[in-house]
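Step one of this worksheet: look at the structure below.
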Amino acid sequence: MRWTLSAAAVCLCLGACTGPSSSSSAGSMGAEVKPPRDAGQLKDSQQARDALNPPLSQRGLVRLRTQNGRVLELNVEIASNDEDRARGLMFRRSLDEMAGMVFVFAQEQQLSFWMENTLIPLDMIFVRSDGTILGIVEEAEPMTRTSRRVEGASRFVLEVKGGFSARHGISPGDTMELVGMYQLE
């Protein structure tokens, strides 16, 4: 399978079609991506924070399907390039319950995230290429450089409000479907 960016709105079916099988800075090829150099100098100014990290322009819809058949839909920002992945959800003061950010990588790999300059706790949901949830880091502590990951290769990481997974019964083995910018080729 290969994924490509599409200008048209299409459906990326991960897992739900194939069956079962920090903000943050995201790691690439197992390494951590550091936040922009000037980020630390802007911590004290809300206007500077907003200018540094406005919502991403790429957006989509994520459908999470639990193993017991429950379906949840979230509006997400899509971080699919190095700059957006490094910026992540840094300096955001809040995140709606049914919103988040999905980090997209070119291939499955061991990913590691950290939460320097991220002001709110997040759940990090690591997802394989086939859409199966590999694992979840729950309630990741904000404002730290502590590396967070789950063992194994993933291609996507969905960041949501801290505690979301527990509140909605999301667990490894559930599936994620991203509707919008990506299609199977």
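The values are calculated or read from the model by the stated rules, or taken from the named source; none is laboratory data. On a predicted model such as this, the values are computed, not experimentally measured, just so you know. FYI the Cβ positions are ideal-geometry reconstructions off the backbone, even for glycines, and counts take in every protein chain you see.
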Quiz item: Within the stretch 94-116, how many residues are in a loop (DSSP other than H, G, I, E, B) and either modelled with pLDDT of 95 or more or under 17 Å from Gly163 (Cβ atoms) (or both)?
Solution: 9
Exercise. For the stretch 75-89, state whether one or more residues are touching a Lys or Arg at 6+ places or on another chain (Cβ under 7 Å), on the phi > 0 side of the Ramachandran plot, assigned to a loop (DSSP other than H, G, I, E, B) and surrounded by 13 or more Cβ atoms within 10 Å (Cβ to Cβ).
Key: no
Practice problem: Find the residue count for the stretch 117-135, including only residues that are outside any loop (DSSP other than H, G, I, E, B) and out of contact with any Asp or Glu (no Cβ under 6 Å at 6 or more places or on another chain). | Solution: 6
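Residues to consider are Val150, Val160, Val179; find the one that is in contact with a Gly (Cβ under 8 Å, 6 or more places away or on another chain), of a type in the set (Val, Ile, Thr) and closer than 22 Å to Asn117 by Cβ.
Just a single option satisfies the conditions, and that option is Val160.
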Quiz item: Going through the stretch 129-147 one residue at a time, which ones are buried (at least 19 other Cβ atoms within 10 Å of the Cβ), under 15 Å from Thr66 (Cα atoms) and out of contact with any Gly (no Cβ under 6 Å at 6 or more places or on another chain)?
Solution: Ile133, Ile136
Practice problem: Write out, first by first residue and then by second, each pair whose Cβ atoms fall under 7 Å of each other, whose residues are 6+ apart or on separate chains, and whose first residue, in the stretch 121-139, is modelled with pLDDT of 95 or more and of a type in the set (Ser, Thr, Tyr) while the second is assigned to a strand (DSSP E or B) and surrounded by fewer than 24 Cβ atoms within 10 Å (Cβ to Cβ). | Solution: Ser129/Glu108; Ser129/Arg155
Quiz item: Any residue in the stretch 30-49 that is modelled with pLDDT under 90, under 28 Å from His168 (Cα atoms) and not in a strand (DSSP E or B)?
Solution: no
Quiz item: Got a sec? Which of Asp123, Asp174 is buried (at least 16 other Cβ atoms within 10 Å of the Cβ), charged (D, E, K, R) and under 13 Å from the mean Cα position of the chain (by Cα)?
Solution: Asp123
Quiz item: Here are Glu108, Glu97: which of them is under 14 Å from Glu159 (Cβ atoms) and of a type outside the set (Val, Ile, Thr)?
Solution: Glu97
Practice problem: Hey, could you check the stretch 148-168 for residues that are of a type outside the set (A, V, I, L, M) and in a loop (DSSP other than H, G, I, E, B) and say which is surrounded by the fewest Cβ atoms within 10 Å (Cβ to Cβ)? | Solution: Glu151
